[in-house]
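Some notes on the structure that comes next.
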Amino acid sequence: MTLHPLRAEVIGDELALVWSDGKESYIALEKLRRACPCAACGGEPDVLGHVERPHVSYGPHSFELRSFCFVGGYALKPTWNDGHDTGLYTFRQLRALNENAAT
Ligand SMILES: [Zn+2]
């Protein structure tokens with residue numbers, strides 16, 4: 001069985017996740033937003049594999065999470081208060097975001 005969150009909720013300015021292996025993650029919403037993997041935020045690789053990260057401007061509501069849902073059994077899809085909702089964070093990415101924070 002693949003690793004997946006059993007529970008997720010926003011606590012203060014963090015997204016708290018409880019994983020199927022019993023671990024917990026706390027990911028700052030600002031960090032989560034800045035890691036948005038959608039093409040508009042993260043950039044798409046060109047034919048040579050270079051990724052040029054586009055300039056992304058954030059507004060006062062960009063780091064506020066309006067809502068989120070799980071899609072396809074593999075990803076979390078947040079809707080931000082500035083209306084941005086095209087980022088799909090795979091569970092693997094979410095888990096990595098937290099583990100990077102710990103180091
Ligand atoms: Zn995005």
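The values are calculated or read from the model by the stated rules, or taken from the named source; none is laboratory data. For clarity, every value in this text was computed on a predicted model and none was experimentally measured. Please note: Cβ atoms are built from the backbone with ideal geometry, for glycine as well, and neighbour counts cover all protein chains shown. Side chains are part of the model used for accessible areas, which takes the heavy atoms of the whole protein and leaves out ligands, DNA and RNA. Shrake-Rupley method; radii C 1.70, N 1.55, O 1.52, S 1.80 Å.
The angle between the Cα long axis of helix 91-102 and the longest principal axis of the Cα atoms of the chain comes to about 90 degrees, rounded to the nearest 10. About its Cα centre, region 44-95 has a charge dipole of approximately 300 debye under the convention of +1 per Lys or Arg Cβ and -1 per Asp or Glu Cβ, with nothing else charged. With R₀ set to 30 Å, the beta-carbon distance separating Asp85 from Glu52 gives a calculated FRET efficiency near 0.80. Averaged per residue, the chain has 62 square angstrom of accessible surface, using a 1.4 angstrom probe with ligands and nucleic acids left out.
Across region 1-62, counting alpha-carbon atoms alone, Rg and Dmax equal 15.2, 41 Å. Normalised by the number of residues in the chain, the mean separation of alpha-carbon contacts (under 8 Å, six or more apart) gives a relative contact order of 20 percent. The residues Glu44, Glu9, sorted by heavy-atom accessible surface at 1.4 Å with ligands and nucleic acids left out, run Glu44, Glu9 from largest to smallest. Cysteines in the chain lacking any other cysteine Cβ under 4.7 Å from their own Cβ: Cys38, Cys69. Note on the chain: with neighbouring protein chains present and a 1.4 Å probe, carbon and sulfur make up 53 percent of its accessible heavy-atom surface.
Based on the Kirkwood radius over alpha-carbon pairs, what value in µm²/s does the Stokes-Einstein equation return for the translational diffusion coefficient of region 14-103 at 10 °C and 1.306 mPa s?
On the way: Rh = 13.9 Å.
Reported coefficient: 114 µm²/s.
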